[in-house]
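Asker: For reference, the structure I am asking about is given below.
The values are calculated or read from the model by the stated rules, or taken from the named source; none is laboratory data. Given the structure is predicted, the values throughout are model-derived calculations rather than measurements. Cβ: placed from backbone, ideal geometry, glycine included. Neighbour counts: every protein chain shown. SASA here: full protein model, heavy atoms, side chains in, ligands and nucleic acids out. Shrake-Rupley method; radii C 1.70, N 1.55, O 1.52, S 1.80 Å.
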Amino acid sequence: MTISHTTGPVVVGIDGSTAALDAVRFAVREARGRGTSLRLVHVIEPHLQRETVYGAPDVDGDYARTVLDQATTVAEAANPAVIVEAIVLHGHPANVMLSEAASACLTVLGTTTENSLAAWVLGSIVHTVVESSAHPVAIVRTFDSDRGGTVVAALGDAEVSATDVVVEQAFREAEMRGASVLAVHAQAVSSILASALSVPPDGLHPESAMDVRLEPFGANYPDIRVASVYAEADAGSELVAVSHTAQLMVVGHERDRVPGPTLTALLRHSECPVLVVSHA
């Protein structure tokens, strides 16, 4: 299976939060690695009653320009070679960002758990875009440009054949960073017991089947070191633990389906950026 790519920019949602600025720093690296530009988007949500008084201050517009200027400064400081475009759009943030994602090679969203209201608003936008976008979406809670570590292919409880897109994306990301790949196949205890009591049609148990799936990618990326682990633990908690020492987590998601417990746990608690790759 190969990943379908678009030649669009890396799009970042800007709302003035610290998480959004971390998302910008992460996105700059992604744009540089992909050889594309950066598009910073701030969305002004329509008010129930718009101000119609002539000469009244444009509070929303002023705020938009302020946070976009700040984000642009951060992007240029991270890498002045990356072309940056900043734009203000109007509409419901989740719908606007989903529309932007349709023509982006990658959409990057910052998220936080520090403020309950902000977490609820950002979480709603994140879930909408992750659930429906056909292109990759990166969720950034925090980002340290100096942090090393592996690129993790989070294979979870997905069918083996559905993990190819995740593994391929992980190898691409590792090649961009000069990093190694760690493939984590984490299953819940119930899945492990079911697997142990049954005989797979191909005669391969999940751990050996996963190693077979990794072989072609290792051949295509001979300079990338790869390790594979089979974690007999709850998928979400195991992957969150791994995120503490990783620089990127790559996970698959079936488009137009509500994120499951493993992906939800990662979006809320991962200590490294999470790159969500859509598959059918």
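Asker: Report the net charge of residues surrounding ASP146, where surrounding means a beta-carbon distance below 12 angstrom and charges are Lys +1, Arg +1, Asp -1, Glu -1.
Answerer: Once positives and negatives cancel, what remains is +2.
Asker: Could you state the accessible area per residue of segment 221-272 in Å², with a 1.4 Å probe and every protein chain left in place?
Answerer: Per-residue accessible area for segment 221-272 comes out at 51 Å².
Asker: How much net charge surrounds GLU168 when only the other residues with a Cβ under 14 Å from the Cβ of GLU168 are counted, with Lys and Arg +1 and Asp and Glu -1?
Answerer: -2
Asker: Excluding LEU68 itself, what net charge comes from residues whose Cβ is under 12 Å from its Cβ, given Lys and Arg +1 and Asp and Glu -1?
Answerer: Cβ neighbours under 12 Å give a net charge of -2.
Asker: Something else: With every protein chain left in place and a probe of 1.4 Å, what is the accessible surface of ILE83, to the nearest 10 Å²?
Answerer: So the heavy atoms of ILE83 present about 120 Å² to solvent.
Asker: Let me ask something else about it. Rank these residues by their accessible area, most exposed first, probe 1.4 Å: HIS127, HIS185.
Answerer: HIS127, HIS185
Asker: Give me the accessible area of MET176, 1.4 Å probe, in Å² rounded to the nearest 10.
Answerer: Here the accessible area works out near 70 Å².
Asker: Report the full-extension gain for the segment HIS269 to ILE83: residue separation times 0.36 nm, less the Cα-Cα distance, to one decimal in nm.
Answerer: On the way: separation 186, 0.36 × 186 = 66.96 nm, distance 3.14 nm.
Stretched fully, the HIS269-ILE83 segment lengthens by 63.8 nm.
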